[in-house]
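The values are calculated or read from the model by the stated rules, or taken from the named source; none is laboratory data. Quick caveat: nothing in here was measured; it's all calculated off a predicted structure. As a convention, Cβ positions derive from the backbone with ideal geometry for all residues, glycine included, and neighbour counts pool all protein chains shown. Surface accessibility is based on the protein's heavy atoms, side chains included, excluding ligands, DNA and RNA. Shrake-Rupley method; radii C 1.70, N 1.55, O 1.52, S 1.80 Å.
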Amino acid sequence: MSEHQDWFPIPETAARNTQCSAADYDLMYAQSISAPDAFWAEQAKRIDWFTPPTKIGNWSFDPVSIKWYEDGVLNLCHNAVDRHVAAGKGDAIAFIFEPDDPANDARRVSYSELLAEVKRMAGALKTLGVGKGDRVTIYMPMCVEGAVAMLACARIGAVHSVVFGGFSPEAIAGRIQDCGSRFVVCADTALRGGKSVPLKANIDAALTKVDGVDAVLVVQHTSEPVAMQAGRDHWYHDFGASDDCPCEPMNAEDPLFILYTSGSTGSPKGVLHTVGGYSVWTASTFHYVFDYRPGEVFFCSADIGWVTGHSYVVYGPLQNGGTSLIFEGIPSYPDSGRFWDIIDRHQVNIFYTAPTALRALMRDGDAPVLARSRKSLRLLGTVGEPINPEAWRWYHATVGEGKLPIVDTWWQTETGGVMITTLPGAHGMKPGSAGRPFFGIQPQLVDNEGVVLADEHIGGATSGNLCITHSWPGQARTVYGDHNRFVQTYFSTYKGKYFTGDGCRRDEDGYYWITGRVDDVINVSGHRMGTAEVESALVLHDKVAEAAVVGFPHDIKGQGIYCYVTLNVGEEPSDELHAELRQQVRVEIGPIASPDHIHFTTALPKTRSGKIMRRILRKIAENDFGALGDTSTLADPNVVDALIEGRQNR
Ligand code: WT7
């Protein structure tokens, strides 16, 4: 078996010095499945409760209703910040901020300093009128105040909706509108790779498209000048320290945050997480998956605009009293040794990044890595997309000098935290496989008709569509404002099961190999994108009749964006139109959705009933048109030859 040739045993140091051995995992996994309530009641003791829960899991996937710890009362900010200070650990470092420009000073923020800052932000929000349950849109750079804004919301019971700084004003407006957010926190501008990102100006533009925002709290981050609208916009630094913002007692099932994510249809969905289950899930996954020990420096390179940033830059590390490194910049600036510089400079022990970043860095060879010591590193991790074995080997051999465990963590915005991974002291590694289910996770593979393929959660080699049969505390509870969409999207394809949207293979050792999305979602540089969203952006152009968007394999990005476009009668393709369409997508969504290829065509391959045959479009975009499969159901088979002739990805 090929995967056996690719077997890397648990590194000796990880096996000797672990908080969860192979035997521990086997025992705990078995307990988590046979007695989930007892298991999750025990894990809930990792955090403080104002009222400890007596009810643990209370859920059903048909009809869909998910509750965990429903009579417990707690506050995530208390668990992330206050309790460490109260326990005398106020001098421990919570955040290390590494600025975009390495010539500028890094900043270390202790737990006591963080507490004062969070109280100040919470006080400012309260003064502006934010109350429990209100939605607050956060549009911030990677900086301490971004995390502080999240924690301040959690403190006062407001629901944060962080919007990634790369999204356009149009996309921000849609997200503000969808959750009825009356408050925005942003910075003047952000710095990324030496370039300025006009965050405040983007908010100003967004607020011309959506009504209802009463107040914008602006953090001075770069001090670049920005326009301030009297009565609406307020400088954060005009607010002083605040001491009358205690942690609001929250019911475990009160909403904590909304995070928008793409699906196969329609506009992005506001995935909703609640306080209790998410807190326990991020606290326990962070502890076990990274085998974290007090005092270690943890560096997750994800932006707080994505769920990885929520769970493993902010809430997981802080609930564990850890030190989390916040990096403002990008891996290639000022050169492709930046990650390794940061690791040396701040003595990082655990480094967690995306395969796309590794592939980009790998292209620049080993020299930038070898020029840095990396001696502090103990553990490496990846997330966001399947890692190709070549990139895994480079990470392992060159970055980790063959000595460090790698955790390849499979999870989703909807899962709140890690679901499938190897645990560093418990499992050997197979490059390209995420590994084994985390405690309480029962994966099941089904065929397209929903027939279960090998009915065991461990064992039984097979491949199919990845479902999860039992709830876990970190699971999303609903889509904000549209529970029916939540039910339809995740629980109706295979009734009574949570469907992930991913294809997957399980091998004879019970290791899971994620093969990628089986729906119309693509993964571009670890960012999830609905092909339908890009199509909607393209057809907004008045010359466009129809658009069909597919992903294709891309060396660095994982997947690239390939757009087929038909024009209205009388319109002709041109370089200008090509540029306009690219721009249109950037305006509607943001630069992360920029098409790699735009292929003008006079027709799309359709069935006689008018359904676009995406399978064929994918093959042509992949430049793999030798095996197009059955084209007999096409209304006009000649369309295919023309598309092959005009293919853009040669
Ligand atoms: C989709 C979820 C998890 C936070 C970042 C992305 C893909 C994620 C892996 C992995 C293979 C992975 C899946 C999943 N994915 N991690 N380790 N191996 N695929 O969160 O934006 O919600 O995207 O990312 O396709 O469904 P997201």
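Values computed for the structure shown
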quantity	calculated
Pairs with Cβ under 8 Å, 6+ apart, first in region 123-142 and closer than 13 Å to Val216 by Cα, second in a helix (DSSP H, G or I) and of a type in the set (Ser, Thr, Tyr)	Ala124/Tyr236
Unmet requirement for Val226, which otherwise passes all of (1) in a loop (DSSP other than H, G, I, E, B); (2) among the aliphatic types (A, V, I, L, M); (3) out of contact with any Leu (no Cβ under 9 Å at 6 or more places or on another chain)	(3)
Residue in region 302-313 that is in contact with a strand residue (DSSP E or B) (Cβ under 9 Å, 6 or more places away or on another chain) and more than 16 Å from the ligand (Cβ to nearest atom) present	no
Residue that is least open to solvent (accessible area, probe 1.4 Å), among those in region 586-611 that are of a type in the set (Ser, Thr, Tyr), more than 22 Å from His554 (Cβ to Cβ) and assigned to a loop (DSSP other than H, G, I, E, B)	Ser609
Some residue of region 392-414 being part of a helix (DSSP H, G or I), in contact (Cβ under 8 Å) with a residue 60 or more places away in the chain and away from the ligand (no atom under 14 Å from the Cβ)	yes
Criterion (open to solvent by 40 Å² or more (accessible area, probe 1.4 Å), not in a strand (DSSP E or B) and not hydrophobic (A, V, I, L, M, F, W, C)) met by exactly one of Gly460, Gly440, Gly481	Gly481
Considering residues of region 634-650 that are open to solvent by less than 60 Å² (accessible area, probe 1.4 Å) and not in a helix (DSSP H, G or I) only, the residue nearest to Thr601 (Cα to Cα)	Gly646
Candidates Gly417, Gly432, filtered to the one that is of a type in the set (Gly, Ala, Ser), open to solvent by 10 Å² or more (accessible area, probe 1.4 Å) and within 12 Å of the ligand (Cβ to nearest atom)	Gly432
Neighbours by Cβ (under 6 Å, 6+ apart or cross-chain): first from region 510-532, farther than 20 Å from Lys269 by Cβ; second hydroxyl-bearing (Ser, Thr, Tyr) and more than 8 Å from the ligand (Cβ to nearest atom)	Tyr511/Ser433; Trp513/Ser433; Ser525/Thr356
Index of the failed condition, Ser264 passing every other in (1) at pLDDT 95 or above; (2) within 16 Å of the ligand (Cβ to nearest atom); (3) open to solvent by 10 Å² or more (accessible area, probe 1.4 Å); (4) not in a helix (DSSP H, G or I)	(1)
All positions within region 368-410 that are of a type in the set (Gly, Ala, Ser), buried (at least 18 other Cβ atoms within 10 Å of the Cβ) and over 22 Å from the mean Cα position of the chain (by Cα)	Gly400
